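Notes follow once the structure below has been shown.
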Amino acid sequence: MSEAPKSLNFIEHIIEEDLANGFPKDLLRFRFPPEPNGYLHIGHASSICLNFGLGLRYASPVNLRFDDTNPVKEEQEFVDAIKHDVKWLGFEWDTERYASDYFQQLYDWAVLLIKNGKAYVDSQSSEEMATQKGTPTEPGTNGPFRNRTIQENLELFEGMKHGDFEEGSHVLRAKIDMASSNMLMRDPIMYRILHKAHHRTNTDWCIYPMYDWTHGESDYIEQVSHSLCTLEFLPHRELYDWFLDQVYDKNKVRPKQREFARRNLSHTVVSKRKLLKLVEEGTVKGWDDPRMPTISGLRRRGYTPESIRNFADTIGIAKRENLIDVSLIEFHVREHLNKIAPRVMGVLDPVKVVITNYPEGKEEWLEAENNPEDPSGGSRQVPFSREIYIERDDFKEEANRKFFRLKLGGEVRLKNAYILKATSCTKDTDGTITEIQCTYDPQSKSGSGTEESLRKVKGTLHWVSIKHALEAEIRIYDRLFLDESPDTHKDKDFMEFVNPDSLNVIKGYLEPSLKNAKIQDRVQFQRLGYFCVDQDSTPENLVFNKTVGLRDTWAKIQQNN
């Protein structure tokens with residue numbers, strides 16, 4: 001039975017309607033327009049998947065265009081990181097563009113607006129302009145410089161361009177309607193003076209265009225057919241169209257701006273300003289800290305491109321904002337890693353086990369399946385010896401019938417190895433168990449086919465041979481914030497909700513097959529979770545980040561809804 005066709009989202013409905021009304025399919029073009037003033041986060045990932053996904057669906061080009069109009073905050077580092085993230089997610093752009101590519105054209109069009117009486121140089125202070133602009137319920141008033149002559153405006157604007165004036169002394173404003181109900185239409189600023197070097201144009205320009213002026217005109221220059229923005233830009237659409245009206249040639253494609261809602265992720269923040277604060281105040285160790293919702297942070301933690309794309313596809317796009325539980329993205333990474341991650345054994349809270357009837361000095365290598373979900377995954381050899389580590393909470397001296405792990409007088413199977421029976425244990429003066437004494441059944445080796453090996457034992461434990469174990473630094477991550485929506489409290493700063501226990505660094509003991517593990521290798525520590533080799537790892541000091549646990553908390557959330 002074939003799968004039912006996937007329903008279209010509202011953006012796709014808009015495009016299909018345009019095509020049905022005669023818009024040529026070969027003129028469809030999309031773009032992803034990041035500002036290079038920080039690292040991309042999970043919200044950007046959804047936008048990337050939307051725009052590039054449309055490109056794939058309609059076999060249409062997608063531009064990667066950097067909105068680099070603010071040299072104060074933008075750096076080449078961010079440009080490089082953004083390009084890396086988009087490629088890592090599995091997408092290829094058609095052309096790499098920059099708003100700075102269009103500085104001359106934007107300037108020429110601004111001059112045209114001045115000549116047509118549609119723009120003027122304003123010399124008020126920012127405070128005076130704010131007062132003169134009115135309020136949402138009161139119209140603005142015309143400023144004292146609104147009726148400057150065209151010639152005076154042209155001369156002042158050229159002087160601004162040449163660096164003749166100090167920052168803040170003049171701005172160029174569009175002349176629209178100071179009484180408009182949309183405050184964005186009340187003579188918005190088009191250019192401001194900034195004596196700052198730009199990461200691409202250096203000091204060629206002393207004036208820089210504002211986003212609203214740059215946005216639509218850049219779309220028009222690139223002949224983008226559908227310009228997709230987040231919902232916060234809905235009030236800007238009227239201005240987007242007004243600016244296009246001033247330069248539009250009916251023989252060319254006129255871009256159409258449409259808006260979709262942000263998808264906010266619980267227990268985190270995605271504001272670049274707030275993410276920057278976390279970095280600058282040392283709450284995290286950088287933009288790529290595995291606790292950060294940045295794409296680089298998720299990658300370092302062990303998330304896969306497939307899991308992020310699947311997450312974006314699941315949440316889709318909508319017209320209203322909502323809060324997505326972080327458990328959903330964890331579900332998707334768990335689901336994908338279950339298919340691809342090799343199984344290995346590691347013990348993170350060890351207690352020593354001595355198998356008293358196993359010969360001293362003896363060791364053997366046992367066969368272990370790499371991934372039961374992958375028939376082509378093969379197997380590996382793991383060493384077994386008289387002394388092993390198991391997890392401390394896998395043993396109790398006394399336990400009820402529902403405890404299926406190791407207890408005195410009880411039996412468990414060691415994964416890929418033998419059946420073990422606890423006979424006694426040793427404690428220190430504080431009562432902490434320091435050693436467990438056990439016996440093993442030599443005939444019960446897993447996979448040997450003997451009657452003893454087929455005996456049913458309810459509990460199966462992971463373990464590592466102490467003699468062969470690799471020491472490793474294990475970084476256990478938890479939610480970065482204790483509150484599910486930390487930046488929505490009007491009376492509290494989001495930093496008050498930072499989880500002080502979001503990172504716990506411990507020592508673990510791993511099977512020796514991980515000796516040559518490479519950075520970004522992902523594995524499942526059996527019974528514990530999925531882990532990824534961190535970039536800090538070296539052959540002498542292995543470092544693993546916990547990506548996600550094995551338990552599917554998202555399924556439980558769904559059941560309760």
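I'd like to verify a number: residues in region 200-219 that are more than 18 Å from residue 118 (Cβ to Cβ) and either open to solvent by less than 50 Å² (accessible area, probe 1.4 Å) or of a type in the set (S, T, N, Q) (or both), how many?
Result for region 200-219: 8.
Among the residues of region 28-40, are any farther than 15 Å from residue 227 by Cβ and in a helix (DSSP H, G or I)?
no
Please specify each residue of region 337-372 satisfying the condition of being more than 24 Å from residue 522 (Cβ to Cβ), open to solvent by less than 30 Å² (accessible area, probe 1.4 Å) and part of a strand (DSSP E or B).
351, 353, 354, 355, 364
For region 414-510, give me every one of the strands (runs of 3 or more DSSP E) that falls completely inside it and has 1 or more residues that are within 30 Å of residue 288 (Cα to Cα).
470-477, 503-510
Run down 320, 334 and say which single residue is assigned to a helix (DSSP H, G or I), more than 20 Å from residue 54 (Cβ to Cβ) and among the basic types (Lys, Arg).
Exactly one residue qualifies, and that residue is 334.
Among the residues of region 373-389, is there at least one that is part of a loop (DSSP other than H, G, I, E, B), open to solvent by 40 Å² or more (accessible area, probe 1.4 Å) and under 28 Å from residue 507 (Cα atoms)?
yes
Mind counting the residues in region 425-438 that are loosely packed, with under 13 Cβ neighbours inside 10 Å and either without any contact (Cβ under 8 Å) to a residue 60 or more places away in the chain or of a type in the set (A, V, I, L, M) (or both)?
The number of residues fulfilling the criteria is 7.
What are the residues in region 233-246 that are free of Cβ contacts under 8 Å to residues at least 40 places away in the same chain and charged (D, E, K, R), if any?
Selection gives 237, 241, 245.
Scan region 72-96 for residues that are of a type in the set (D, E, K, R) and surrounded by fewer than 21 Cβ atoms within 10 Å (Cβ to Cβ) and jot them down.
Within region 72-96, 73, 75, 77, 80, 83, 87, 92, 94, 96 qualify.
For residues that are closer than 21 Å to residue 268 by Cα and touching a residue at least 60 places away in the same chain (Cβ under 8 Å), scanning just region 500-529, find the one that is surrounded by the most Cβ atoms within 10 Å (Cβ to Cβ).
Taking the candidates together, the pick is 502.
Do we have residue 165 as open to solvent by 50 Å² or more (accessible area, probe 1.4 Å), farther than 17 Å from residue 208 by Cα and aromatic (Phe, Trp, Tyr) here?
On the way: open to solvent by 50 Å² or more (accessible area, probe 1.4 Å): yes; farther than 17 Å from residue 208 by Cα: no; aromatic (Phe, Trp, Tyr): yes.
The answer is no for residue 165.
Residues 354, 412: which one is among the aliphatic types (A, V, I, L, M) and either farther than 15 Å from residue 441 by Cβ or out of contact with any Lys or Arg (no Cβ under 8 Å at 6 or more places or on another chain) (or both)?
Testing whether each residue is among the aliphatic types (A, V, I, L, M) and either farther than 15 Å from residue 441 by Cβ or out of contact with any Lys or Arg (no Cβ under 8 Å at 6 or more places or on another chain) (or both) leaves just 354.
Within region 106-129, can you find the residues that are open to solvent by 60 Å² or more (accessible area, probe 1.4 Å) and either more than 18 Å from residue 239 (Cβ to Cβ) or at pLDDT below 95 (or both)?
Once the filter is applied, which keeps residues that are open to solvent by 60 Å² or more (accessible area, probe 1.4 Å) and either more than 18 Å from residue 239 (Cβ to Cβ) or at pLDDT below 95 (or both), region 106-129 yields 108, 115, 126, 127, 128.
Among the residues of region 247-258 satisfying the criterion of being out of contact with any Lys or Arg (no Cβ under 6 Å at 6 or more places or on another chain) and touching a residue at least 40 places away in the same chain (Cβ under 8 Å), which is farthest from residue 24 (Cα to Cα)?
That would be 247.
Taking the options 60, 47, name whichever one is hydroxyl-bearing (Ser, Thr, Tyr) and either open to solvent by less than 10 Å² (accessible area, probe 1.4 Å) or assigned to a loop (DSSP other than H, G, I, E, B) (or both). Walk me through how you get there before you give the answer.
Numbers: 47 fails: either open to solvent by less than 10 Å² (accessible area, probe 1.4 Å) or assigned to a loop (DSSP other than H, G, I, E, B) (or both).
Step by step, each of 60, 47 is checked, and only 60 is hydroxyl-bearing (Ser, Thr, Tyr) and either open to solvent by less than 10 Å² (accessible area, probe 1.4 Å) or assigned to a loop (DSSP other than H, G, I, E, B) (or both).
Please determine whether any residue of region 194-208 is in a helix (DSSP H, G or I), charged (D, E, K, R) and in contact with a strand residue (DSSP E or B) (Cβ under 7 Å, 6 or more places away or on another chain).
no
Please identify the pairs in which a residue from region 1-27 that is at pLDDT 95 or above has its Cβ atom under 6 Å from the Cβ atom of a residue that is aromatic (Phe, Trp, Tyr) and exposed (fewer than 12 other Cβ atoms within 10 Å of the Cβ), counting only partners at least 6 apart or on another chain.
Cβ pairs passing all conditions: none.
Out of the residues in region 12-44 meeting the condition of being small (Gly, Ala, Ser) and open to solvent by less than 40 Å² (accessible area, probe 1.4 Å), tell me which one is nearest to the chain's Cα centre (by Cα).
Applying the filter and picking the extreme gives 43.
Kindly indicate which of 264, 251 is surrounded by fewer than 15 Cβ atoms within 10 Å (Cβ to Cβ) and either farther than 25 Å from residue 317 by Cα or modelled with pLDDT under 95 (or both).
Details: 264 fails: surrounded by fewer than 15 Cβ atoms within 10 Å (Cβ to Cβ).
From the options 264, 251, the qualifying one is 251.
Considering 453, 444, 465, which residue is open to solvent by less than 30 Å² (accessible area, probe 1.4 Å), among the hydroxyl-bearing types (Ser, Thr, Tyr), in contact with a Phe, Trp or Tyr (Cβ under 8 Å, 6 or more places away or on another chain) and over 24 Å from residue 544 (Cβ atoms)?
Result: 444 is the single residue among 453, 444, 465 that is open to solvent by less than 30 Å² (accessible area, probe 1.4 Å), among the hydroxyl-bearing types (Ser, Thr, Tyr), in contact with a Phe, Trp or Tyr (Cβ under 8 Å, 6 or more places away or on another chain) and over 24 Å from residue 544 (Cβ atoms).
The values are calculated or read from the model by the stated rules, or taken from the named source; none is laboratory data. If you're wondering where the values come from, they're calculated on a predicted model, not measured in any experiment. Reconstructed Cβ throughout: ideal geometry from the backbone, glycine too, with neighbour counts over all protein chains shown. Note: areas computed on protein heavy atoms with side chains; ligands, DNA, RNA excluded. Shrake-Rupley method; radii C 1.70, N 1.55, O 1.52, S 1.80 Å.
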